[in-house]
Structure formats: C-alpha cells, structure tokens
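The values are calculated or read from the model by the stated rules, or taken from the named source; none is laboratory data. What you see is a predicted model, and the numbers here were worked out from it, not measured in a lab. Heads up, the Cβs are rebuilt from the backbone with ideal geometry, glycines too, and the neighbour counts pull from every protein chain shown. These accessible areas exclude ligands, DNA and RNA; they are computed on the full protein's heavy atoms, side chains included. Shrake-Rupley method; radii C 1.70, N 1.55, O 1.52, S 1.80 Å.
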Amino acid sequence: MEENKQTNIEQEAQSAEDKMVNDAFQQLLDNYLASRHRKKVDIIKKAFYFAQQAHKGVRRLSGEPYIMHPIAVAMIASSEMGLGSTSICSALLHDVVEDTDYTVEDIENLFGPKIAQIVDGLTKISGGIFGDQASAQAENFKKLLLTMSDDIRVILIKICDRLHNMRTLESQPANKQYKIAGETLYIYAPLANRLGLNKIKNELEDLSFRYEHPEDYAAITRKLAKTQDKRDELFELFATPIREVLDKMDIKYELKARIKTPYSIWTKMQNKHVTFDEIYDILAVRIIFKPKSKETEINDCFNIYVAINKIYRSHPDRLRDWLNQPKANGYQALHVTLMSNQGQWVEVQIRSERMDEIAEQGFAAHWKYKDGNTEIMEDEGELNNWLRTIKEILDDPQPDAMDFLDAIKLNLFASEIFVFTPKGEIKTMPAGCTALDFAFQIHSFLGTHCIGAKVNHKLVPLSYKLNSGDQVEILTSNAQHVQPSWINFVSSAKAKSKIQALLRRQNREIQKQGETIVKEFLAKHDMEMTTTVLNHLCDWHDIQRHENFLLAVGDKTIVLSEKDIDMLHNRHKRRQKSSWRRFVPFIGHDKKYESNAEAIKAPELITIGKDFNKKKPIYITEENINKYIFRDCCHPIPGDDALGFITDKKQIEIHQRSCPVANKLKSSFGNRILDAKWGSHWRMHFDATIQIRGIDRIGMLKEVTEVLSDKLNVMMRKIIITSEDGIFDGMIDLRVHDRHDVSVIINRLKNIEDLKEVLQIK
C-alpha cells in the first residue's frame, strides 16, 4: 500500500514537471511564431526533443530539470534579442556537447554545419596556450571570440546564457557567485554594451552588483523606492509642457521616465565620492517618436529639440549628437540637458522608434530594418572593423591569461571619439587614445615605424592624446623600431597587443641569455635552477614573474652575487621579502599583547591543502589576520565586501570585491576565488585616510580635531592641511577598527559648518 502511494506521488511529480517543461517550450514557440522570422518550427521542435533526451535525468543546483535552462536561454534569444530559428536551435543545444556524450559531428549530421559551428563555439575546452599560467576561463573566452569572428550569433547566445545564469545565481555558493558576477561585470556586460544590448547590459550589471555588494544594492534599491513619488512628481511637472508642444506639432510620440540603474548610481557614488542624496541625474526623460518618413528622421529629432528648447533652457556644454555619427555599437539619439522649473537639470533623450529599438536590442534589432528576412546583417562597417581587430588580437595572443583578457577589455571601451585621416576618412577610436594608437589602427607597419604625427597640421609627439574631430597625419621612418616605453602611453587593444608581441620577440633572445647566466651561476655553487629557486630569487629581487627575472638578468639590470646564494641557503631562517605586504595591525596599548610582538611580525601563512573546501567561507579574525596576504591594490579593512584568492603558492590573498585586480582574477582564475568574511575586530586598529575640503576660517582645524579626538576618541597619525584663496584641503591619517568607524567619522565631520567635502581615500 505504501509503495503504491509513493509511486503515485512520484508519478504526479513527474507529470507536473513534464507539464512545466512543455509549457515553457510552448511559450518559446508562441513567441517565435509571433515574430517576423520565417516559421521554421520543425527544426526547433527537433532541437528541443533532442536536447530534452540528451539532458534527461539531469538537474540544476536549483532542483529544476536541466532542460529548463536551454529553453530559458532560447527564450531570451527569441524574445529579448529578436533572433531566429538558427539561434533558437543553437541555444537549445548549447550544452549538449559539453555535458553529454554527443559530439559536434553528431550535431552537424542532425542539424547542419551552421548550428554545429555555433554550438562548438559555445562548448568549453580545457588546457591551452597559457601553460603554467593556465586559465580555463581565458581559454574558453578566446575560443568564443574566435568563433564569434565567423558568426556573431555565438556571442549573442553566450550573452543569453550568461543572463539566465545570472538570473538564477542564487542557488550557487558564494565563491561561485563572486566568480560569475565578477566575470560578468568585467567581460560580458561590456560585450553586451559593445553590441548595443543596452537593456541586457544594465541587467547584467545590476545582477552582478546585487551578488557582489548585497548590502549596498539593497540600500540603493530601498532609497530608489522611497524617492519614487518625488521623481514621479518631477517627471509630470517637467513632461506636461513638453506634451503640449509635441501635441501641437502633430507628432506621434511616447514620453518615458528613465531611471538610473542601482549599479550606475553606486558607480557614480564611488567615483565622485558622493552620497545617494547628492546624485541629481537619477531621472532622465526619453522622447520616442514615429518619424514622418525615413528621410526626415534626423530632422524630426532636431525639430523636437528646437521646440522643447523654447520651454526650458539647455545646458550649453551638454548637447550630444549621435544622430549624424552614431556610436560604434549603432546607438543613435540626440541628448540634451535642460533646466527644469524646479531648478534641476534633466537629461532628455530624443530618438525615433527605430533608434529606440536598436538602442535596447542593439545588433540583433538591425535585421528588422534591412531588406528581406536576413537574420544577421552581412555588412555593418563599424562592427566588422571591431571583429577584425578582435581577430588581430587573437592572432598574437598574450602568453598570460590576465594580459590577454586586458587586451580584449581595452577593445570594449564605451567612450569613443571620431578622428579624421588626411584624406578625410573618419575613424572611430577609444577615448584617451594617442597618435601612436591611431598609427596602429591604420596599419601595423605605420605603428611600428611611427616617429611622430601632425594633428591639425601641427607637429606632435607619439604620446599626444587625440580629441574628437582631430585630423591626423602619421610620420614614419624605416630606422624606427618598437620601444618598450610605448606600452606606457598607448590605450587601444590593437596597439598594445602589437607592441607587446614585437617586444616579446625582441626579449626572447635576451631571456634565453638570462636563463643561461642563471644556470651557470647556480651550477658554480652546486645548485640547480628549479621553480622553487626561481620563486625565491624573484621574491628576493622584488619581481613578480620568472620571465621578467630572467629578462632582467639577460639585459644586466640584475647582476647575481654571493648575496643571492646566502639568501637561498638561509631562506628558511630569513623573513620572506616579497611584493606583497603582511597585515601588521596596530594593537591598542594593552601590555598583555606586547609580548606577542614577534609573533605578529612574521606569522606562518595559511597554505591550502588538497582537502580544502573552496565552497565554505574563510573567516578573518584578529587571531589569524596575519596569516593572509593583503596586497596594496585595495587595502581591505574589516567591514569591506571582501574575497579570497588562492595564489600559485597555495596561499590566500584578501581583496575588496570591487578591486580592479580582483575583477581580473575573477575573470581569469575564478576557480581560485573564495568567500571571505570578517570576524570581530575590536582590539586591532587599521590605517584609513580621510580627505577634507571646505571654506577656510579661524577655528576650522580645532573643530575637526575636537570631533576626532574628544567626541570620537579616534587616534590620528598625521594631519596635512593646505589653504589657498580661502579654500582649504586636508588629509588625515587615522587608526580605525573597521569600515563602520570610517562611516561614523565621515558623517560626524560633515556636520561641521563650512566643511563641504569629506571622503575616504582608498
């Protein structure tokens, strides 16, 4: 009886599960049938049934059947990107080769070469060009980009896959959340932006922010909800006169309020060192109109601008025209900032329905505005130029995973300028680029032999930074060769990768000479050149990598001596000299801790063993804090959102989660990321620097020190104050227990009259 009851329960559960899967697939089909694509339903059904059978019995961490993930990815491709049957089939099949016994050849035999090529591009690989610096993440991203160069749908489906993974990230352990969120923010959100997928880019950023900084995300979300009524009121007051004018012009339009995303608000708070209440551009207004004809579309935008400019005064320096010269990702609009009657600047974005759809769906939306039913454009100038650049970077890959990802990241700049050749051709370049960047953009030969440039007919050096509208002529000489210093002032991915590749070729011979010198030197002292010996020598000479050390020996920057041998012989007795700093906390004046001074100076670092569980968080306490490595890149202190990273030596570094170095590590070596939590820290003190600025007056410094010393009992290590023209600037070095102390100090100082700016320097 019990067995029958159990069987019935299992059958009911299976039936409910089957219904859930079939309903989800039917919704996908309905969405596809409602689109303008050719109705290739049979092949989509075939892909679904094949994937369903291949993933049978497999579940995600959330507990749902695995097939729900490919269906969700296909749904995003169809409904949110507007892609067709080839993309939908590829999305349904994207994990089959990776997770089952089926091969790419099987996919090709059943679904043809195009779908097989896309699925192959989405299938992860292991091992590769990075050798000892092996990074599966970087290798797989490289493969993805290689296939993307042949078919852009590969990266579009990968972004759909990443978006669904981010939407369901809650079921993953914290260390995986940081890895996936960090990689998303570092690579996939900029990729979505570069492809014009604005809506998806915003969601990827917000989801990454939510998992990496949950408290900040929750705080900003609460404040947005709390201030919603005020923004609604401002929008109505601002929009009503605009509606009246547009109605008189007999234009079909839609007026929308666009709210800044939590991630963009947080980024601005961090960059500008301001609070939520000090951000005044949270609200923007979007005018989306139906043009009278395709030919008058741009003129209609300017006519609307002229009309609303008669109601509100515009900011003279904040008119952005992306109509005549769209952004590289296809974005077109006219942006103007107007002064509302409430005394607040409001940005207004004017765009046609076509421009709006391309702004939200990006590259994938272009097909709707092309003749015929072609799913993907054949010729989009700027996009093809970008793909060619990616190919060139991949032709000369960086030997180090993080350098490789950096090179790709450089090519995802959102900010662009437009520069002209001597013949008047326009070139899109990343903002901040130099004359040398431009030379490499035109041709590698020009870059390699560049000696200078003429910008607007004036002679300038290679390092000259270009501005939008500059006309640039490159000057060359056959006697010129790539210089190591060039790497310091180029900013484009193409220039950087070419220079690094050429320098590597030059350096290989010098590195070989260095290797010979080291081997012979060690042999004289009955020692061999092992990895451990090279590690010690690199630490001793304050160099990060073996290659750089051998190069320095080869070009005689480093000359080995008896001191090196003494160090190697006595390594176990000496304190390790390294490029990282130990965390040496300042302990309060309690005599019972003074006897521990030696133990604090040189503790034994934690080393990861085979049985270490990466899914569990590490806890940083007062007792073990000196057993971790704290790098100088971000100075994490208790209270910061932190993570751990397992180094090549199996030791643990601690970083802030928002640290630029940590972002690269999450994208390159995500399997080494750990969740780090702080224990209580009430005995130790940590360094913090506060910057203050305000109107100078008698007694200002006295009030500042009174707040710090008398009211908050904070220890000050150093104060530097300068005053000029009635404005003072100051830097105060303090000892604090944790991040909460810093917040209390900043809030108290802000209450001092005439003290206008208070922020922490990280």
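Structure values in brief
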| item | result |
| --- | --- |
| Any chance ASP611 is part of a loop (DSSP other than H, G, I, E, B) and either modelled with pLDDT under 85 or open to solvent by 60 Å² or more (accessible area, probe 1.4 Å) (or both) | yes |
| Residues (open to solvent by less than 80 Å² (accessible area, probe 1.4 Å) and in contact (Cβ under 8 Å) with a residue 40 or more places away in the chain) located in region 270-283 | GLN270, PHE276, ASP281, ILE282, LEU283 |
| ASP23, sole failed condition from (1) charged (D, E, K, R); (2) modelled with pLDDT of 90 or more; (3) surrounded by 12 or more Cβ atoms within 10 Å (Cβ to Cβ) | (3) |
| Residue selected from region 690-713 under the condition open to solvent by 20 Å² or more (accessible area, probe 1.4 Å) and touching a residue at least 60 places away in the same chain (Cβ under 8 Å), by the criterion nearest to the chain's Cα centre (by Cα) | GLN691 |
| Single residue of ALA218, ALA239, ALA257 found to be of a type in the set (A, V, I, L, M, F, W, C) and free of Cβ contacts under 8 Å to residues at least 24 places away in the same chain | ALA218 |
| Scope region 53-84; condition in a loop (DSSP other than H, G, I, E, B) and closer than 14 Å to LYS158 by Cα; matching residues | MET81, LEU83 |
| Test: ALA116 is at pLDDT 90 or above and over 30 Å from SER658 (Cβ atoms) | yes |
| Residue within region 173-193 that is surrounded by fewer than 19 Cβ atoms within 10 Å (Cβ to Cβ) and over 20 Å from the mean Cα position of the chain (by Cα) present | yes |
| Per-region count, region 529-544, residues in contact (Cβ under 8 Å) with a residue 40 or more places away in the chain and more than 19 Å from GLU562 (Cβ to Cβ) | 1 |
| Any pair with Cβ under 8 angstrom, 6 or more apart, that starts in region 335-352 at a residue that is assigned to a loop (DSSP other than H, G, I, E, B) and ends at one that is open to solvent by 10 Å² or more (accessible area, probe 1.4 Å) | SER340/LEU234; SER340/LEU237; ASN341/LEU237; GLN342/LEU234; GLN342/LEU237; GLN344/LEU234; GLN344/TYR280 |
| In region 739-762, residue farthest from GLY639 (Cα to Cα) [restricted to those that are among the aliphatic types (A, V, I, L, M) and open to solvent by 30 Å² or more (accessible area, probe 1.4 Å)] | ILE761 |
| Leading residue by the ranking (nearest to LYS56 (Cα to Cα)) among those in region 85-122 that are of a type in the set (S, T, N, Q) and in a helix (DSSP H, G or I) | SER90 |
| Residues located in region 642-659, provided they are modelled with pLDDT of 90 or more and under 16 Å from GLN177 (Cα atoms) | ALA642, LEU643, GLY644, PHE645, HIS655, GLN656, ARG657 |
| Segments classed as helices (runs of 4 or more DSSP H), wholly inside region 424-540, with at least 3 members that are open to solvent by 50 Å² or more (accessible area, probe 1.4 Å) | 493-524, 531-540 |
| Whichever residue in region 660-684 is farther than 20 Å from ASP632 by Cα and modelled with pLDDT of 85 or more and, among such residues, is most open to solvent (accessible area, probe 1.4 Å) | ASN671 |
| Out of GLU80, GLU108, sole residue that is of a type in the set (Asp, Glu), modelled with pLDDT under 90 and either open to solvent by 20 Å² or more (accessible area, probe 1.4 Å) or at negative phi (or both) | GLU80 |
| From the options ASN329, ASN309, residue that is modelled with pLDDT of 85 or more, open to solvent by less than 70 Å² (accessible area, probe 1.4 Å) and among the polar types (S, T, N, Q) | ASN309 |
| Filter result for ASP687 (modelled with pLDDT of 85 or more, touching a Lys or Arg at 6+ places or on another chain (Cβ under 9 Å), among the acidic types (Asp, Glu) and open to solvent by 30 Å² or more (accessible area, probe 1.4 Å)) | no |
| Residue in region 289-305 that is aliphatic (A, V, I, L, M) and either open to solvent by 60 Å² or more (accessible area, probe 1.4 Å) or touching a residue at least 60 places away in the same chain (Cβ under 8 Å) (or both) present | no |
| Checking MET716 against (1) exposed (fewer than 15 other Cβ atoms within 10 Å of the Cβ); (2) in a helix (DSSP H, G or I); (3) touching a helix residue (DSSP H, G or I) at 6+ places or on another chain (Cβ under 7 Å), the condition it does not meet | (2) |
| Of residues in region 719-738 being touching a residue at least 40 places away in the same chain (Cβ under 8 Å) and surrounded by fewer than 18 Cβ atoms within 10 Å (Cβ to Cβ), the one nearest to ILE637 (Cα to Cα) | ARG735 |
